[in-house]
1. State the answer as a single residue: which of A:268, A:159, A:252 lies farthest towards the positive end of the charge dipole of chain A, with beta carbon charges of +1 for Lys and Arg and -1 for Asp and Glu, about the Cα centre.
2. Give me the accessible area of residue A:153, 1.4 Å probe, in Å² rounded to the nearest 10.
3. With each label point set 7 Å from Cα along the Cα-Cβ vector, what nm distance links residue A:219 and residue A:377?
4. Assuming R0 = 35 Å, can you tell me the calculated FRET efficiency for the pair residue A:410 and residue A:135, based on Cβ-Cβ distance, to the nearest 0.05?
5. Output the Cα-based Rg and Dmax of chain B in Å, rounding Rg to one decimal and Dmax to a whole number.
6. Cα centroids of the range A:21-44 and the range B:22-37: how far apart, whole angstrom?
7. With an 8 Å cut-off on Cα pairs and a minimum separation of 6 or more residues, tell me the relative contact order of chain A in percent.
8. Need one number for chain A: average projected area of the convex hull over its C-alpha atoms, nm².
Amino acid sequence: MNIIKKDAVILGGGPAGLAAALKLKEKGIDNIIILEREKKTGGILRQCIHDGFGIVRFKEALSGPEYADRFVQEVQRQNIEVQTEATVIGLTNDKIVTAATKEGLKKYQAKVVILTMGCRERTRGAISIPGTRPAGVYTAGVAQSYINLKNIMIGKKVVILGSGDIGLIMARRLTLEGAEVLAVIEKQPYPSGLPRNIEQCLNDYNIPLYLSHTVTNIQGKERLESVTVSKVDEKGQAIEGTEKEYNCDTLILSVGLIPENELSLQAGVELHPRTKGPIVDENLQTNVEGIYAAGNVLHVHDLVDFVSIEGEKLAESAAKYIKGEKGYESIIPVTTDHTINNVVPQKISGEQDVEISLRVSKPSKDGQIIMQQGNKVIMMKKFKKLNPAEMIHIKLKKEEIQSKEEIKVVVG
Amino acid sequence: MKREFTCIVCPNSCELVAEIEGKEIKSIEGALCKRGDEYVVQEIKDPKRTIATSVKVIDGEIPLASVRTTKPIPKDKIFEVMEEIKKVKVQAPVQINQVIIENVLNLGSDIIITKSVGIQKCIERVNKEVVAS
Ligand SMILES: Cc1cc2nc3c(=O)[nH]c(=O)nc-3n(C[C@H](O)[C@H](O)[C@H](O)COP(=O)(O)OP(=O)(O)OC[C@H]3O[C@@H](n4cnc5c(N)ncnc54)[C@H](O)[C@@H]3O)c2cc1C
């Protein structure tokens with residue numbers, strides 16, 4: 001097979017991939033291709049028709065498709081090559097990319113591979129809800145694509161399990177479309193979506209949210225007929241005698257997202273057990289030289305503005321690598337304890353300022369994020385509130401880094 | 001009287017506390033920016049929301065085009081505005097920013113398209129019709 005040579009092959013044409021392509025082009029890298037498995041680029045934003053995107057970047061509240069369109073148009077104007085309906089099915093550690101396209105299989109040899117494949121949803125199987133297997137159980141993103149892209153209404157009486165943002169947004173969307181949302185059920189003692197979404201998607205429409213509750217059974221033969229909801233104790237175990245029955249025809253799961261890294265694994269990219277995305281250095285390079293990652297494939301973002309920024313940051317380093325410029329070596333590990341869910345990047349050089357992104361593991365008020373090397377506190381930032389739903393971005397200045405010793409990030 | 005609010009203007013989701021006496025707002029605390037104070041004043045006087053939904057597209061390459069309000073509308077008019085939007089069908093092609101309802105229900109907000117949708121290619125249409133018949 002003919003192997004096509006490219007400076008950069010970008011896997012996935014969502015906001016991360018599009019932003020990376022534009023920045024590479026700006027840095028003078030022309031021989032680029034974006035491979036996207038859908039008919040159109042724009043990624044998950046094509047189905048997120050609510051507004052609230054772009055507040056950081058454009059200072060306006062755009063809908064998902066409008067935000068994506070600004071990047072899609074620019075990619076077109078810059079004549080960047082895009083192949084849609086092209087699913088990448090193979091990736092090797094020497095950066096050979098295989099894609100299944102309408103014209104058959106295509107192979108590319110890349111100097112740099114950019115991983116921007118986004119994430120997928122956790123399903124019923126992933127959380128093992130017992131009961132029958134009727135129609136009417138959807139993940140929130142699938143429900144969203146049916147209603148917002150395919151014009152298919154999914155049900156009339158709905159229970160939502162999980163208080164992730166997509167679930168909250170679907171609670172409002174279903175209500176606007178005339179369905180009745182009976183309740184949102186959340187296993188944790190706190191919501192996992194953003195407070196503003198609890199407010200404008202649930203409270204506005206009088207949809208009750210039950211914290212420390214979960215779905216313990218599903219009934220129905222052909223179609224879902226009812227679900228059983230129980231209270232859970234501190235260990236997350238259902239408490240007997242607290243069962244409540246909801247008659248409904250639809251159950252929506254909004255129980256988390258997982259970075260999409262099957263291809264990364266094929267190429268020998270090492271994943272982090274907490275983020276489920278690649279372990280990266282401050283250049284967003286994985287352990288495989290020349291393979292970079294950004295966006296939801298790296299760690300799940302709540303705001304697309306930061307996804308675009310990450311794509312651009314990645315491209316700046318990737319452009320240098322393509323031009324043969326040697327960057328700093330990242331030898332300082334960045335670690336956490338149980339107070340923090342995850343940090344990105346996991347390795348830095350200490351030779352330049354870096355931005356550390358993280359999520360705390362529990363909500364708290366008047367907390368502080370502390371970075372320390374050994375016993376020395378090198379950075380401390382106070383927060384009025386800390387919420388696992390929000391990704392926190394903290395700049396760490398070069399001067400603040402004291403040695404090559406491990407940097408530990410904790411909530412203090 | 002104290003009343004608590006969660007600001008919905010931006011992802012910071014500030015938790016705000018307003019001290020209200022009768023119709024007068026004595027103080028607002030907790031906002032990281034002045035938009036938070038404005039939100040509380042608006043929320044007490046006349047709560048408003050933006051909405052997003054979609055309209056059918058005739059001959060479109062996809063069946064729906066997403067739409068949104070250009071300005072927030074009174075919260076108690078949301079379902080009436082939804083009814084107005086549901087009456088609309090548009091002919092492909094449509095462009096982002098195309099106004100489909102001007103000044104909806106005289107509320108000072110337009111309904112605009114937020115996703116461009118092209119015309120369905122002839123061959124796909126024929127195929128669909130063959131399958132359907
Ligand atoms: C329902 C929902 C609501 C959200 N609400 C907001 C909000 O209000 N405000 C906000 O700022 N952010 C919001 N976000 C977050 C934001 O939209 C995402 O963080 C962002 O879109 C992620 O971009 P991405 O490029 O990493 O991934 P994606 O947008 O998922 O793009 C990945 C792309 O890769 C493609 N792909 C995957 N695998 C392959 C393969 N093997 N071959 C070829 N192509 C492939 C996919 O088809 C897809 O197009 C929301 C997200 C969701 C899901």
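1. Of the candidates, A:268 comes out farthest on the positive side.
2. For residue A:153, the solvent-accessible surface is approximately 90 Å².
3. Label-label distance for residue A:219 and residue A:377, simple model: 5.6 nm.
4. Working: r = 46 Å, r/R0 = 1.32.
Here the calculated transfer efficiency is 0.15.
5. For chain B, the Cα radius of gyration and maximum Cα-Cα distance read 20.7, 68 Å.
6. 44 Å
7. Working: 986 pairs, mean separation 61.7, N = 412.
Relative CO of chain A lands at 15 percent.
8. Numbers: hull surface 85.0 nm².
Its Cα hull, projected and averaged over all orientations, spans 21.3 nm².
The values are calculated or read from the model by the stated rules, or taken from the named source; none is laboratory data. Only a predicted model underlies this, so the values are computations on that prediction, with no experimental measurement involved. All Cβ positions, even for glycine, are placed from backbone atoms using ideal geometry, and neighbour counts span all protein chains on display. Ligands, DNA and RNA are excluded from the accessible area calculation, which covers all protein heavy atoms including side chains. Shrake-Rupley method; radii C 1.70, N 1.55, O 1.52, S 1.80 Å.
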